[in-house]
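This report concerns only the one structure given below.
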Amino acid sequence: MREEMRQEAPQPYPTETPTVPAIELRALCKAFGTLQAVDHLTLSVEQGEIFGLLGPNGSGKTTTINLISGLATPTSGEVQVMGYDVRRHARRIRQMLGAVPQETALYEELSAWDNLDFHADLFGMARQEKKARITQMLELVQLQERKRSRVSTFSGGMKRRLALARALLHDPHLLYLDEPTLGVDVQSRRAIWDYILSLRDQGKTVLITTNYLEEAQALCERIAILDHGKLIAVDTPEHLKQIYGGSVVELETAQPSAVVDDIRRLPGVKEVIQEGTHMQITTQAGSLVAPQIINLVTGQGELRQIAVREPNLDEIFLRLTGTALRD
Amino acid sequence: MHITGSSLRVIWACLKKDLKSARSEPLYTLVSIILPLNVLVLMSLLVISGGLAPTAVVMQDSGPLAQQFYTAMSQAHSFMLQQATAEQADALIEQGRIVAVVTIPADFDALIRQNQSVAVGVKINNLNTDFTNDIRRAIPDAITQLYQQQGSTSPIKVTLQEQNLRSQDIQLFQYSAMPLLLLVVSGLISSSLAAAGEWETRTIKELLLSPASSGAIICGKVLTGFVTTVALGVLVLGAGSLLGWVQPVGVYWLIVLLILALVALFSAGLGVALGALLQRIQPVGSAAIVLALYLFFLTGGTAVLAFDPGWLQTVATFVPLYYGRHALEMAMFYQSSDQLPRDIVVLAGSALLAVGLGILAMRRGLADSR
């Protein structure tokens, strides 16, 4: 305890150089016994970016976040936040970090105001600044009228909004949101998305983990896909679709088609799913196989409908990890 | 230990937050108050129900010696006497409403004056050994008293010369109020619940993700337990003083408060350790109540420990509250500082050890949660 007591009081973070990445992971590893939770992860998140961390359960997302916030110590590798090494400057980094954990971690028996007041004290906010800032944050998340209500009386969406207000209270440079809209109704979800997008306009860096690919697509400028602790892919959602997607051809025939095997044998076809008269064919990126498919189908019977579309992120995720995101 | 201004702010914030939580969740606070009150009520019931044996006396002789014998019985502090006819007394004992029927025969005075034996009839409802033995002890005692009142004419030449060690009699009911103060140990319930609650409700993450030092957070937790326990102890002491159960005088008030503070620190440290180790409210609550009761009874909660078996006294000397109880007893009832330095040293050492345990357990809990 003595050591910690001697540490400096939380200081306002210095003005960071915009060229320094907000988060930099180099060959980061974390093992729990024989389980390799994070496996040589190298990743960089720029300042002012909304970055998504995606992966099925057990892929290493939470461990990565814990390593970034200094809640866990790496087995090997490096973590830097705003240019500071997490191992040496954990408290300074926590001062720069605002977090909305999945469990919200709110004191349910206290009022919204008291929760924020306690957080402000933990982060060493000046007394005169505290009251104004709490009021401002409660207005931002539209909870000003419920400031004296116990949190236990709040809906899931209100709790998420309050947790977001708490995370923003000390004006952090980097915000981490773990499943920011989990259990939130559609209306509140849209409001939270708007807050998150407005944060980017304020120059904040936002790191999101989510199981909703729609959310990742709507919010994130770049996405990293993790599986078994390894980085599978990292890019913008559009590039991911271009690189890993290919096209999806959907056909509706008069009778169930008998040329499924012939289509499967075509070069550039990755997968064919037939359900009665409906067929979904996934092709490799850059493949121009659609005309050949149409020829085969029309040669055998009547083609009633055809559509060629881009794959969605769910399909890319499935392709990359071999599992659906919510598995 | 060097504590910075920001650490003090965090300690204060943790204390403020926990006190607000306690106010918002009065159930937990009530449990820690109800427990000692409940013990007090139980002990009062024990005193009321076990004190005096309801007994009917059939006075077949109304002579002065028979009257003296009746008076001696009524002063024995063992009977709740009522006079009855033989028929009424038989009916009462048959109905189970009295423990015994004592019959003073018609020739009681005459036989005594003739130096002849008198048979006092005693019919006992020996349903309960405790009451039965009270009757068996108290009636011969009343007979002895009767003879002693005869002075030089008494055939019994042995008399009683009582010398009291203490300046005042302490009633069992009053005596039980003193160890009740030690039930501020029940403060360990509130501090253990406050610590465990951080894990159970997962708010520990809010603490871990803050730049506050774990040392300051732990100090805040221990301080919360200390403050609430001292407040409870002072409340009980004040009530005891108003009711006249405890009467420390002058400087002994300060000694009583010092002992209370040390006991509170001991219980707060122990509570935080328990909460941080178990990290779940339900098992922590049960364990804290059991621990508080053991500590209470092992320090002589319901009896005078010095009269208990030797092995129990030996065990009690290893319980720090034994010394707290001794110091309180001396200060509150006898305005004495007998062995006070020993009591304070042991209590202070135990309090520091308990706080150390609390810090270690909390630090380990925080580290495991990272």
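Derivation of every value follows stated rules applied to the coordinates shown; laboratory data play no part. The structure presented is a predicted model; accordingly, all values stated were derived computationally and were not measured. Positions of Cβ are backbone-derived with ideal geometry, glycine not excepted, and every protein chain shown enters the neighbour counts.
In Å, what Rg and Dmax follow from the Cα atoms of the stretch B:187-243?
Reported Rg and Dmax, both Å: 14.9, 50.
A 21 angstrom limit on the alpha carbon distance is what I want to check against. Which of A:Lys204/A:Lys241; A:Lys159/B:Lys20; A:Lys130/B:Lys16; A:Lys130/B:Lys221; A:Lys61/A:Lys159 exceed it? Could you put the intermediate results ahead of the total?
Values: A:Lys204/A:Lys241 27 Å; A:Lys159/B:Lys20 19 Å; A:Lys130/B:Lys16 16 Å; A:Lys130/B:Lys221 23 Å; A:Lys61/A:Lys159 23 Å.
Cα-Cα > 21 Å for A:Lys204/A:Lys241; A:Lys130/B:Lys221; A:Lys61/A:Lys159; rest within.
Expressed as a rounded percentage, what relative contact order does the stretch A:246-309 have, with Cα pairs under 8 Å and six or more residues apart?
On the way: 115 pairs, mean separation 31.6, N = 64.
Normalised by residue count, the contact order of the stretch A:246-309 is 49 percent.
Can you work out ³J(HN,Hα) from phi for every residue in the stretch A:57-73, in order, using Karplus 6.51 cos²θ - 1.76 cosθ + 1.60 and θ = phi - 60°, giving whole Hz and x for Gly and Pro?
Karplus values, whole Hz, x for Gly and Pro: 4, x, 7, x, 4, 5, 4, 4, 4, 4, 5, 5, 8, x, 7, 10, 9.
Does anyone have the angle between helix A:186-201 and the longest principal axis of chain A? Alpha-carbon axes, 0 to 90°, nearest 10?
So the inclination is approximately 70 degrees.
Over the Cα atoms of the stretch A:145-212, what Rg and Dmax result, in angstrom?
Cα only, the stretch A:145-212: 12.1, 33 Å (Rg, Dmax).
Taking amide hydrogens as modeled 1.01 Å from N in the peptide plane, which residues meet the under 5 Å criterion relative to B:Phe79, leaving out close sequence neighbours?
When sequence neighbours closer than 5 places are left aside, the close amide H contacts are B:Ala53.
In square nanometres, what is one fourth of the surface area of the convex hull spanned by the alpha carbons of the protein assembly as shown?
47.7
Residues in the stretch B:114-152, backbone N under 19 Å from the label point at B:Ser62 (7 Å along the Cα-to-beta-carbon vector): list them, ranges by number please.
Under 19 Å, as judged by backbone N against the label point of B:Ser62, lies no residue of the stretch B:114-152.
Just name one of B:Ala331, B:Gln150, A:Leu240: the one whose Cα is farthest towards the positive end of the charge dipole of the protein assembly as shown (beta-carbon charges, Lys/Arg +1, Asp/Glu -1).
Of B:Ala331, B:Gln150, A:Leu240, it is B:Ala331.
Quick one: dipole size for the protein assembly as shown, taken about the Cα centre, charges +1 on Lys/Arg Cβ and -1 on Asp/Glu Cβ, in debye to the nearest 20. If you can, show how the numbers build up before the last one.
Values: 57 positive and 63 negative charges, 285 e Å.
Once rounded to the nearest 20, the dipole reads 1360 debye.
Percent of Cα-Cα pairs per 5 Å bin, from 0 to the last occupied bin, for the stretch B:58-132, please list those.
In order of increasing distance, the bins hold 3, 15, 24, 24, 18, 10, 4, 1 percent.
For chain B, what does the helix formula give at 222 nm: sum of -39500 (n - 2.57) over DSSP H segments with n ≥ 4, over the residue count, nearest 500 deg cm²/dmol?
One gets -22500 deg cm²/dmol as the mean residue ellipticity at 222 nm.
What is the dipole size for the stretch A:19-163, taken about its Cα centre, with +1 at each Lys and Arg Cβ and -1 at each Asp and Glu Cβ, in debye to the nearest 20?
320
Using Stokes-Einstein with the Kirkwood hydrodynamic radius over Cα pairs, what translational diffusion coefficient do you get for the stretch A:2-241 at 10 °C and a viscosity of 1.306 mPa s, in µm²/s rounded to a whole number?
It diffuses with D of about 86 µm²/s by this estimate.
Which helices of chain B meet both criteria: a Cα extent of 18 Å or more along the helical axis and a mean Kyte-Doolittle score no lower than 1.6, with helices taken as whole DSSP H segments?
Those that pass (Cα extent of 18 Å or more, hydropathy at least 1.6) are B:26-51, B:214-242, B:251-278, B:281-298.
Determine the dipole magnitude for the stretch A:35-112: charges of +1 sit on the beta-carbon of Lys and Arg, -1 on that of Asp and Glu, nothing else is charged, the reference point is the Cα centre, and the result goes in debye to the nearest 20.
Values: 6 positive and 8 negative charges, 63 e Å.
Result for the stretch A:35-112 is approximately 300 debye, rounded to the nearest 20.
For chain B, just the Cα set please: Rg and Dmax, both in angstrom.
28.0, 96
Can you give the helix-only mean residue ellipticity at 222 nm for chain A, where every DSSP H stretch with n ≥ 4 adds -39500 (n - 2.57) and the sum goes over all residues, rounded to the nearest 500 deg cm²/dmol?
-10500 deg cm²/dmol
If amide hydrogens are placed 1.01 Å from N in the peptide plane, which non-local residues have theirs closer than 5 Å to the one on A:Leu53?
For A:Leu53, whose amide H was placed from the backbone, the distant partners under 5 Å are A:Ile208, A:Thr209, A:Thr210, A:Ala224.
Grab the other residues whose beta carbon is less than 15 angstrom from that of B:Leu258, score K and R as +1, D and E as -1, and report the net.
Working: positive: B:Arg325, B:Arg342; negative: B:Glu329, B:Asp343.
Every neighbour counted, the sum reads 0.
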